[in-house]
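Written out below as structure tokens is the structure these notes cover.
The values are calculated or read from the model by the stated rules, or taken from the named source; none is laboratory data. Given the structure is predicted, the values throughout are model-derived calculations rather than measurements. Heads up, the Cβs are rebuilt from the backbone with ideal geometry, glycines too, and the neighbour counts pull from every protein chain shown. These accessible areas exclude ligands, DNA and RNA; they are computed on the full protein's heavy atoms, side chains included. Shrake-Rupley method; radii C 1.70, N 1.55, O 1.52, S 1.80 Å.
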Amino acid sequence: MRMRLLFSLCLLVMIPVAASSQTTRVEGIRENSPRLHALVGARVVVASGNEIENATVVVRDGVIEAVGTGTEPPPGARVWDLTGHTLY
């Protein structure tokens, strides 16, 4: 019985704390990072022994959309020069 009472008391104390810790809506200017990225000039390792030199990787909303050497960065994409880097 005491344990239930103690538990109920803890819940009553924690409810206002949880309600006050909620975030408020952002007013005004917000960050609007591009969701379309082009990683250009990198060496891409597709599988063991299968590598593409000087490749472009297009990523839209966190999903790889295209990989290849003839792939052009789409309009509006944030272009990242990764010359000298390797992507797996």
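Could you please give the count of residues in the range 14-25 that are at pLDDT 70 or above and of a type outside the set (Ser, Thr, Tyr)?
Residues that pass the stated criteria total 1.
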task = Give me the pairs, please: first residue somewhere in the range 43-69 and more than 16 Å from ASP81 (Cβ to Cβ) and assigned to a loop (DSSP other than H, G, I, E, B), second residue anywhere and open to solvent by 80 Å² or more (accessible area, probe 1.4 Å) and not aromatic (Phe, Trp, Tyr), beta-carbon distance under 6 Å, and either six or more positions apart or on two chains.
result = ASP61/ARG35
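Residue by residue, here is whether (1) in contact with a Cys (Cβ under 6 Å, 6 or more places away or on another chain); (2) modelled with pLDDT under 90; (3) not acidic (Asp, Glu) holds:
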residue	(1), (2), (3)
ARG43	no, no, yes
SER48	no, yes, yes
GLU51	no, no, no
THR56	no, no, yes
ARG60	no, no, yes
GLU65	no, no, no
GLY68	no, no, yes
GLY84	no, no, yes
Whichever residue in the range 70-83 is assigned to a loop (DSSP other than H, G, I, E, B) and touching a Gly at 6+ places or on another chain (Cβ under 8 Å) and, among such residues, is most open to solvent (accessible area, probe 1.4 Å) = THR83
task = Select, from LEU36, LEU5, the only residue that is at pLDDT below 70 and of a type in the set (A, V, I, L, M).
result = LEU5
